[in-house]
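Asks: One structure, as structure tokens, below. Some questions next.
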Amino acid sequence: MCAMPSAEKMPPTRAHQPATERAPQPVLPTQQDKVATAGSELFGGPIGRRALLATSRLTPVRVIALVAIGMFALGMVQKAPCYNGGWFVGASSQYTHACYSDIPHLYQGRGFADGLVPYFDRLPDDVGMEYLEYPVLTGLFMQVAAWLTPDGGSIQHQEKFYWMVNAGMLMVCAVIIAVCVARIHRRRPWDALLVALAPAFALTATINWDLFAVALTALAMLMWSRERSVSAGILIGLAAAAKLYPALLLGPLLVLCWRTGRWRALWATAASAVGAWLAVNLPVMISHDAAGFHVREGWAKFYTFSQERGVDFGSFWLILSQRMDDPLTTDTVNSLATALMLLCCLGVAALGLTAPRRPRLAQLVFLVVAAFVLTNKVYSPQYVLWLIPLAVLARPRWRDFLIWQVCEVAYFLGIWMYLAFTTSGDAHKGLPTEGYQLAIAVHLLGTLYLCAVVVRDIYMPERDVVRRTGEDDPSGGVLDGAPDVFVLGPAARPRRQEAHEGAGAYVTWGTAPDGKS
């Protein structure tokens, strides 16, 4: 009969291990960030080092979700002047109150009020748009909201109800985004407060349907961080079927998987992304309407409209066209913008392969999406939603984030005041052209500033607040702690230990907390 080992000799089970041994303690911004510390004084000051955080039902994720809902609701309140009449009365009222939204206008303008089916039914000639100019999955989102909107009452009543239905659906997307950011960096859940509290997030959330694609993108990054390559790819494909920009995530994944040799995860993600995109788009691409006509023209409207669209609001191309005696043609701008974007992508790829330590995934994704925003021929105010969760993951520093947000809020006010100026006739209410150009410049400089500090963090990992605690890449999934396989330039030199800023300890960048390499 075998003797059972004594209790003293038995290794402690996971249930009997102290909490500090079972999981690393969360990082508290109020103990590391001076701005967060100062801001916490409004709520009683920083959390103490010995506070029993696990004993409260208000976990970080729950608090962040509640804050996100509260800020979203404040954003809805900010739209009240338009809801109460600004969308329907006067040419400039919705601009002077800075409460414009595409959603109520497109309910009737894109045929939802008349029961037209997106991509299948051609819009009336007086609309100025033959078919719905949004990707398929966003069109489905819009259609679902239309199904939930009752037919009774005036068209204004229906449009207001349609906006409320969409706002409710978009609020769910906002909570998903904030929760995903809190869970991607497991030791830094409180960083997601930056997403929940971002003023530009609340102000632009219900202008358009971008939050849907942003939520799918956040879920994709969460799945990748959990090493679920196929799930991440499916979500990237679905996000790209709702908005074009999420497809850019595959570029940084290619660069970092190339550097680490994690090809299997890359191919699984890329293949599942393509498969998911085709699964959503093919049924519309190959369908025929009731009269037997092919609907490919309706499906392709988003892509042809993006190509044919001229220089528009928010871009530096608009400043050039307004200041040139002979503005550039649309084809020329398309070619130049594409060339600039490709150069930026090559620069980000070079950064990923030559940096002294492998960049974090969120850093490269932010830089690529920011490059798209900066070089594009249009910058709608809600495009800031694309960058907010990525900025928090790439540079969770309150000072830098708030500087950028001030710039984006300035642009948010600038575009509406400019539209008020152009629609108020001889009254000239609002911001003239030169003032709007200044607002565009502020937005561009704010985004460039955030890009600059992210690039600095990549070349000086000791400045990266995420890696200061000894972690490598919490959002990297299979990349987290992976050794280099292919590097160029300075990265090919032997590894150096980088000194922890302001401390005597040393941290070896690129090594996971559990010691794997």
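The values are calculated or read from the model by the stated rules, or taken from the named source; none is laboratory data. What you see is a predicted model, and the numbers here were worked out from it, not measured in a lab. Backbone-built Cβ (ideal geometry, glycine too); neighbour counts: all protein chains shown. Note: accessible area is taken over every heavy atom of the protein model, side chains too, but ligands, DNA and RNA are not part of it. Shrake-Rupley method; radii C 1.70, N 1.55, O 1.52, S 1.80 Å.
Asks: Once you treat every alpha carbon in the range 244-322 as an equal point and sum by Debye, what is log10 I(q)/I(0) at q = 0.17, 0.20, 0.21, 0.24 Å⁻¹?
Replies: The calculated log intensity ratios at q = 0.17, 0.20, 0.21, 0.24 Å⁻¹ are -0.88, -0.94, -0.96, -1.06.
Asks: While we're looking at this one, here's another question. At a probe size of 1.4 Å, how large is the accessible area of Arg110, to the nearest 10 Å²?
Replies: 40 Å²
Asks: Here's another thing I want to ask about it. Give the Rg (one decimal place) followed by the Dmax (whole number) of the range 96-251, computed from C-alpha coordinates and expressed in Å.
Replies: Using the Cα atoms of the range 96-251, the pair Rg, Dmax is 17.2, 55 Å.
Asks: At 7 Å along the Cα-to-beta-carbon direction for both Leu336 and Ala91, put a label point, then send me their distance in nm to one decimal.
Replies: The modelled label-to-label distance comes out at 3.0 nm.
Asks: On to the next question. At q = 0.12, 0.19, 0.20 Å⁻¹, what is the base-10 log of I(q)/I(0) for the range 237-395 according to the Debye formula with one equal point scatterer per Cα and no solvent? Please give it to two decimals.
Replies: Reported log10 I(q)/I(0), two decimals: -0.67, -1.27, -1.32.
Asks: Right, next: Count charges around Val255 for me, please; just the other residues with Cβ under 15 Å from its Cβ, Lys/Arg as +1, Asp/Glu as -1.
Replies: +3
Asks: Over the C-alpha atoms of the range 170-223, what are the Rg and the largest Cα-to-Cα span, Dmax, in Å?
Replies: When restricted to Cα atoms, the range 170-223 yields Rg and Dmax of 10.7, 33 Å.
Asks: Taking Rh as the Kirkwood radius computed over C-alpha pairs, what is the Stokes-Einstein D of the range 50-163 at 10 °C in a medium of viscosity 1.306 mPa s, expressed in µm² per second?
Replies: D = 95 µm²/s.
Asks: Right, next: Treating only the Cβ atoms of Lys and Arg (+1) and Asp and Glu (-1) as charged, compute the dipole magnitude of the range 124-201 about its Cα centre; round to the nearest 20 debye.
Replies: About 900 debye.
Asks: A further question follows. Which three lengths, in whole Å and largest first, does the range 410-457 cover when its Cα atoms are put on their principal axes?
Replies: 50, 15, 9
Asks: Residue farthest toward the positive end of the dipole of the range 89-238, with Cβ of Lys/Arg at +1 and Asp/Glu at -1: which of Gln94, Leu140, Met169?
Replies: The Cα lying farthest towards the positive end belongs to Met169.
Asks: Right, something else. Evaluate the distance, in nm, between pseudo-label points positioned 7 Å from the Cα of Leu343 and of His105 along their respective Cα→Cβ axes.
Replies: If labels sit at Leu343 and His105, their model points lie 3.4 nm apart.
Asks: What would the Debye equation give as log₁₀ I(q)/I(0) for the range 187-294 at q = 0.18 Å⁻¹, counting only Cα atoms as equal point scatterers?
Replies: The computed values of log10 I(q)/I(0) come out as -0.94.
Asks: So for the range 231-371, taking the charge dipole from beta-carbon charges (+1 Lys/Arg, -1 Asp/Glu), which of Ser321, Trp277, Leu266 sits furthest toward the positive end?
Replies: My answer, from the dipole projection, is Leu266.
Asks: Using label points projected 7 Å from each Cα along Cα→Cβ, tell me how many nm separate Asp151 and Leu445, to one decimal.
Replies: If labels sit at Asp151 and Leu445, their model points lie 5.5 nm apart.
Asks: Please report, in whole Å³, the volume per residue of the convex hull around the C-alpha atoms of the range 219-269.
Replies: Looking at the range 219-269, the number lands at 60 Å³ per residue.
Asks: Return the sequence-ordered ³J(HN,Hα) values of the range 449-459 in whole Hz as given by the Karplus equation 6.51 cos²θ - 1.76 cosθ + 1.60 applied to θ = phi - 60°, using x for Gly and Pro.
Replies: Coupling constants for the range 449-459: 4, 5, 4, 5, 6, 5, 4, 4, 4, 5, 7 Hz.
Asks: If I stretch the segment between Glu227 and Asp312 completely, what's the gain in nm (0.36 nm per residue apart, minus their alpha carbon distance), one decimal?
Replies: That pair, Glu227 and Asp312, stretches by 26.6 nm at full extension.
Asks: Students sometimes get this wrong: rank Trp386, Trp398 by accessible area, probe 1.4 Å, all chains present, largest first.
Replies: Trp398, Trp386
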